[in-house]
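For reference, the structure discussed in these notes is given below.
The values are calculated or read from the model by the stated rules, or taken from the named source; none is laboratory data. Owing to the predicted nature of the structure, the values given are computational and were not obtained by experimental measurement. Counting neighbours? That spans all protein chains shown, and the Cβs are built from the backbone with ideal geometry, glycine included. Surface accessibility is based on the protein's heavy atoms, side chains included, excluding ligands, DNA and RNA. Shrake-Rupley method; radii C 1.70, N 1.55, O 1.52, S 1.80 Å.
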Amino acid sequence: MPTAAPPTAPPPTPAPFVNPCGCDCSWLAHGQDDCRKDVCADRCRIANGIWYNVHCQNAYGQAVTWEANRNMAPMDVWEHGQSRCECGWMANNHGFGDDCRSGCSPNECAYKCRQANP
C-alpha cells in the first residue's frame, strides 16, 4: 500500500523591505527590478543594501546594469555664506555612506546633503 507524501511546507514569506523616505519598495520582493534610475528606485535599492551589479532587462528587452552613485568627495551645504551641513559622511563605506534610511525632511541635513550631492 503506497504511503502519502509528507505535506510540503509553504514557501517562505519574502523578507519585508525598507521603504525609505516615502518610497514604496514592495516591487523588490517580487523581483520586478527593471534597473530604472529614479529617486525612489535608487533609494529602494540602496536602503535595502543593493549597491551594484543589478542586472536587468528593461522594457525594451535590453540588458542593463544598475549601480549606485559613489560620492568620494561630497560638498558641504552652505546657506547665506555659512556652513549649515557637513556632508563628509557620504564618503564613508567607499563612497556609499548614505543608506537613504533617514533625513527625509527638507530641513534635515541628510536631505540637504543629497540635494547638494546628487
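Does ALA47 satisfy the condition of being aliphatic (A, V, I, L, M) and modelled with pLDDT of 90 or more? Steps first, please.
Working: aliphatic (A, V, I, L, M): yes; modelled with pLDDT of 90 or more: yes.
Considered against the rule, which asks whether it is aliphatic (A, V, I, L, M) and modelled with pLDDT of 90 or more, ALA47 comes out as yes.
Where strands (runs of 3 or more DSSP E) sit wholly within region 27-118, those with at least 2 residues that are open to solvent by less than 60 Å² (accessible area, probe 1.4 Å) and not acidic (Asp, Glu) occupy 54-57, 63-66.
With in contact (Cβ under 8 Å) with a residue 40 or more places away in the chain and closer than 22 Å to GLY22 by Cβ as the only criterion, which of TRP51, TRP89 stands out? Give the derivation first.
Numbers: TRP89 fails: in contact (Cβ under 8 Å) with a residue 40 or more places away in the chain.
Sole residue among the options that is in contact (Cβ under 8 Å) with a residue 40 or more places away in the chain and closer than 22 Å to GLY22 by Cβ: TRP51.
Looking at TRP66, TRP78, just one residue is of a type in the set (Phe, Trp, Tyr) and at pLDDT 95 or above, and that residue is TRP78.
State yes or no: is ARG84 basic (Lys, Arg) and within 25 Å of PHE17 (Cβ to Cβ)? Criteria not met by ARG84.
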